[in-house]
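Report on the following structure.
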Amino acid sequence: MEFPMVILKLAEWILYQLLANSCYRAAKKMRSYGFFSRNPSPKSPSQQQPPLYPSVTKCDLENRGFDTLVCDMNGVLLRSQSVFPYFMLVAFEGGSILRAFLLLLSCLVLWVLDYEMKLRVMIFISFCGLKKKNMESVSRAVLPKFYLENLNAHAYDVLASTGSRVVFTSVPRVMVEGFLTEFLRVDGVVGTELHTVGNYFTGLVSGSGLLVKHRALNEYYGDRKPEIGLGTSSLHDHLFLSHCKEAYVVNKEDSSSIMPRNKYPKPLIFHDGRLAFLPTPLATLCMFMWLPLGIVLAIFRLFVGIMLPYKLAIFLATWSGVEIRLKGRAPSSSTSHPRKGVLFVCTHRTLLDPVFLSTSLAKSLTAVTYSLSKMSEILAPIRTVRLTRDRKKDGETMQRLLSEGDLVVCPEGTTCREPYLLRFSSLFAELADDIVPVAMNTHVSMFYGTTASGLKCLDPIFFLMNPKPSYHIHILGKMPRELTCSGGKSSHQVANYIQRQLGDALGFECTTFTRRDKYLMLAGNEGFVHDNKTKKP
């Protein structure tokens, strides 16, 4: 009976807040936007008050190694003060599409609420009934990508120059702690704590309530003052900054400093989730408006690829918005081994790699794969054969397939979304002399067509649901005989050389990460690989 009573009390509280405060706040906002009176004329420079604290760009970064820094997350370390997109990521990726839709509908109410009530409503919708393990997965595999893309370069430079860093934030600690400790090496995170029952969140804040930054700062440090404080120009942050020896604010003009990828504090190689965009209210609304058409379009594109001849399939796919760019030509069949097919070695971006290669070349290919759902096997317009991850058996299977025709293999063993190549398995190099490297890359604007923790059978559907998905295929020349195993090279040398060639063609960085590393990071398991050895990058 406890949980229903909590829901009733929360509903009663929200109703009171709406009836008592919403009209006043709406009128106040409308007045500030100029509906009830003319906008006041701007003050002259002599009348404007000087800023209380200097800009973060004025902070001296020299000899800060022993200093302590305190700051907030949104509006300081992140360029945007809006927390809605990150709650939407929790609702969509950790919860369900229905939960995400309810959060979007709440925007009609959030507009008239104060910050505290707004935060409580978003917490309730995003977390009520959410499993702890789902939140841990979102925190580990989804949110870091969007946090890094929104990182404020100026604020991070100050943070990185200090020896001790503590972040105080009113958003739930579980949403930010993983990113702050792993990517920004923060020593402590103090945020709002959420109430849980068993392995589920209730959607309510714990008994301590929403975190108040200046109070939390006093409790954390006592009489001692941190050397540096970063905040925004709001009055609430001024109270927080007044407890620091030095204080700097992040102004709107400072928030334009985007952190370039090559300066990320830690490379972002792996991430999960379906959404390829930051789900602001407007962007999320556009997504839900697109969904019905996107589903119909994906079914149409799927039908075209399965049922129609290659040339007609390419024409109709291009007409529907799919972009296919092909560079290079497929080589002729083997001359030294006329009964053996060509081995195409591809980078792995989605499960559709062999399909797009086969369609672009207008020839039937066979693809080998380590993990493919039954549904994907049924729908695949080309022949697919599963491998067992037993090196001897897989080698025999691939030799047999090569004797029957051309073969496509993705030696990374799993997909990677970012501009990196994972370590290549060397098995393919032992099986053929006619090896053709193929550099493949994709671009999506709304949904990712790969996932580590979701339903694999839906990966092609999500890719084809994008308004304008693109595939870029670059067929490199056939490997010279002297660079193959027949020319005296080891299989590892051949695999590493081809990895570098494909990386250079795509502008990607080569890594030694494997499928096992990816799944340990994103899903907390080893995928289908059972190996007790630890592989370090």
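The values are calculated or read from the model by the stated rules, or taken from the named source; none is laboratory data. Every value quoted in this text rests on a predicted model; they were computed, and no experiment measured them. Cβ coordinates were reconstructed from backbone atoms using ideal geometry, including for glycine residues, and neighbour counts include every protein chain displayed. The accessibility values were calculated without ligands, DNA or RNA, using every heavy atom of the protein model including side chains. Shrake-Rupley method; radii C 1.70, N 1.55, O 1.52, S 1.80 Å.
Ranked highest first by the average count of other Cβ atoms within 10 Å around their residues, in what order do 91-97, 350-356, 491-497, 197-203 fall?
For the peptides 91-97, 350-356, 491-497, 197-203, the packing ranking is 350-356, 91-97, 491-497, 197-203.
Quick one: which of 509-516, 293-300 comes out on top by average Cβ neighbours within 10 Å, and what's the full order, highest first?
The peptides rank, most packed first, as 509-516, 293-300.
Less than 14 Å Cβ to Cβ from residue 125, Lys/Arg counted +1 and Asp/Glu -1: what total charge do the surrounding residues give?
+3
Determine, from the Cβ-Cβ distance of residue 492 and residue 280 and an R0 of 56 Å, the FRET efficiency 1/(1 + (r/R0)^6), rounded to the nearest 0.05.
For R0 = 56 Å, the calculated efficiency reads 0.75.
Could you check the simple spin-label distance between residue 62 and residue 185, using points 7 Å along Cα→Cβ, in nm with one decimal?
Each label point is offset 7 Å from its Cα along the Cβ direction, giving 2.2 nm.
Kindly work out what percent of the DSSP beta bridges joining two residues of the range 145-297 are antiparallel, to the nearest 5.
35 percent
Between residue 296 and residue 105, what's the calculated FRET efficiency when r is the beta-carbon distance and R0 is 30 Å? Round to 0.05.
Approximately 0.80, to the nearest 0.05.
Go ahead and collect, in residue order, the members of the range 348-380 whose backbone nitrogen is under 14 Å from a label point 7 Å along the Cα-Cβ direction of residue 457.
Taking a point 7 Å out along Cα→Cβ of residue 457, the residues of the range 348-380 whose backbone N falls under 14 Å are 372-380.
Quick check: net charge around residue 66, other residues with Cβ under 15 Å of its Cβ, Lys/Arg +1 and Asp/Glu -1?
Residues near residue 66 contribute -1 overall.
At a 1.4 Å probe radius, carbon and sulfur cover how many percent of the accessible area of the range 457-532?
For the range 457-532, the apolar C and S fraction of the accessible surface comes to 52 percent.
How about the range 132-202: which trypsin sites (Lys or Arg not before Pro) there are in a DSSP loop, with at most 16 other Cβ atoms within 10 Å of their Cβ?
185
Please arrange 290, 111 by accessible surface area, largest first, computed with a 1.4 Å probe and ligands excluded.
Of 290, 111, the descending order of accessible area is 111, 290.
Given that compact globular proteins tend to follow 2.2 N^0.38 Å, what is the ratio of the alpha-carbon Rg of the range 242-320 to that value?
Normalised Cα radius of gyration, the range 242-320: 1.92.
Summing Lys, Arg as +1 and Asp, Glu as -1, what charge do residues with Cβ under 14 Å from the Cβ of residue 500 carry, residue 500 excluded?
-1
What distance in nm separates the simple spin-label points at residue 385 and residue 482, each placed 7 Å from Cα in the Cβ direction?
3.3 nm
Given a Förster distance of 45 angstrom, what is the FRET efficiency for residue 396 paired with residue 197, based on the Cβ-Cβ distance and rounded to 0.05?
0.25
Which distance in nm do the two modelled labels at residue 289 and residue 208 give, with both placed 7 Å along the Cα-to-Cβ direction?
The answer from the label model is 4.2 nm.
Can you tell me how the range 430-471 classifies by the Cα gyration tensor, rounded, prolate or oblate, using a/c under 1.5 as the rounded cut?
The shape class here is oblate.
Of the listed peptides 423-430, 341-348, 392-399, 362-369, what is their order by residue-averaged count of other C-beta atoms within 10 Å, with the highest listed first?
Averaged packing, sorted descending, gives the order 341-348, 423-430, 362-369, 392-399.
Assuming a ≥ b ≥ c are the square roots of the Cα gyration tensor eigenvalues, decide whether the range 74-164 counts as rounded (a/c under 1.5), prolate (otherwise, with a/b larger than b/c) or oblate.
oblate
Please work out the Cα convex hull volume for the range 57-115 and give it in Å³ per residue.
128 Å³
Checking the a/c ratio against 1.5 first, then a/b against b/c, what shape does the Cα gyration tensor give for the range 344-444?
rounded
Binning at 10 angstrom from zero up to the longest distance, how are the C-alpha pair distances of the range 373-522 distributed in percent?
Once binned at 10 Å, the Cα pair distances of the range 373-522 give 9, 34, 41, 14, 1.
The range 268-297 to the range 165-180: how many Å between their Cα centroids?
Using only Cα atoms to place each centre, the spacing works out to 25 Å.
Hey, what number do you get for the chain at 222 nm if only DSSP H runs of n ≥ 4 count, each worth -39500 (n - 2.57), divided across all residues, to the nearest 500?
Taken over the chain, the calculation gives -12000 deg cm²/dmol.
5 Å is the cut-off here: which amide hydrogens, built 1.01 Å from N in the peptide plane, fall below it relative to residue 510, excluding neighbours closer than 5 in sequence?
421
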